[in-house]
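Taking it in order: structure first as structure tokens, then the write-up.
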Amino acid sequence: MSKIFLDKLFLKARSHYNWKKKEVKEKTLKDLYNLVKNCPTSANSEPMRILFLKSDKSKERLRPHLSDGNVDKTMTAPIVAIIAYDSKFYNHLPKLFPHNPGMKKVLSNPPAKAEITAFRNSTLQGGYFMIAARALGLDVGPMSGFNNSGVDKEFFSNGRFKSNFLCNLGYGDKSKLLNRLPRFKFSEVCKIL
């Protein structure tokens, strides 16, 4: 893999909190999803659901649920993606995992197992989402500083979908980036047995 591509996805990629006033086109959002949908999840469960907030009106609905430090960076982002999960994702398994019809029962019982599976796999898909966004030339600003229950009540009133995290999308203003924060060394957090 080329160094340029590794830099774009990982080595020089940064979380952004300041945004250029440049529109993210609908086609880019569709291309983004079409990359992410092909990435692996448990039993091809694909529990992630994405709500893209583009209009000022939709972002204003989000504002009261943001922690104070996340208001400006979110309200100025061209797109705010609510990365959520379908708590009843297993109802789609007959379509998504047709060669094993029993998997619906396996992943839906007990309910705690379904919840963990949905949360874990939507988080995994959220990681793919950020890498795919960077591959398409977008910058990302993921956040967990918000009131999940407030967001769920505001945007997912039927209770089936649940917010996992927020991810601001757009074209970051690189002139306002802070220096990269420290990272662990391999020897500090990894072992080979």
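Counting only helices (runs of 4 or more DSSP H) that sit wholly inside region 36-146, those with at least 3 residues that are under 17 Å from His16 (Cβ atoms) and among the small types (Gly, Ala, Ser) are 111-135. Taken over region 165-179, the criterion of being among the polar types (S, T, N, Q) and either over 21 Å from the mean Cα position of the chain (by Cα) or farther than 12 Å from Lys73 by Cα (or both) is satisfied by Ser175, Asn179.
Restricting attention to region 149-193, the residues that are of a type in the set (Gly, Ala, Ser) and in a loop (DSSP other than H, G, I, E, B) total 2. I need the full set of residues from region 160-179 which are at pLDDT below 95 and either surrounded by fewer than 10 Cβ atoms within 10 Å (Cβ to Cβ) or of a type in the set (A, V, I, L, M, F, W, C) (or both), in order please. Matches in region 160-179: Ser175, Leu177, Leu178, Asn179.
Filtering Ser144, Ser108, Ser87 for residues that are under 30 Å from Pro64 (Cβ atoms), of a type in the set (Ser, Thr, Tyr), surrounded by 15 or more Cβ atoms within 10 Å (Cβ to Cβ) and out of contact with any His (no Cβ under 9 Å at 6 or more places or on another chain) leaves a single hit, Ser87.
State which residue is surrounded by the most Cβ atoms within 10 Å (Cβ to Cβ) when the search covers only region 41-56 and only residues that are farther than 17 Å from Val140 by Cα and touching a residue at least 60 places away in the same chain (Cβ under 8 Å). Step by step, filter region 41-56, then rank; the result is Pro47.
The values are calculated or read from the model by the stated rules, or taken from the named source; none is laboratory data. None of the values given here were measured: they were computed from a predicted structure. Cβ sites come from the backbone with ideal geometry, for glycine too, and all protein chains shown count toward neighbours.
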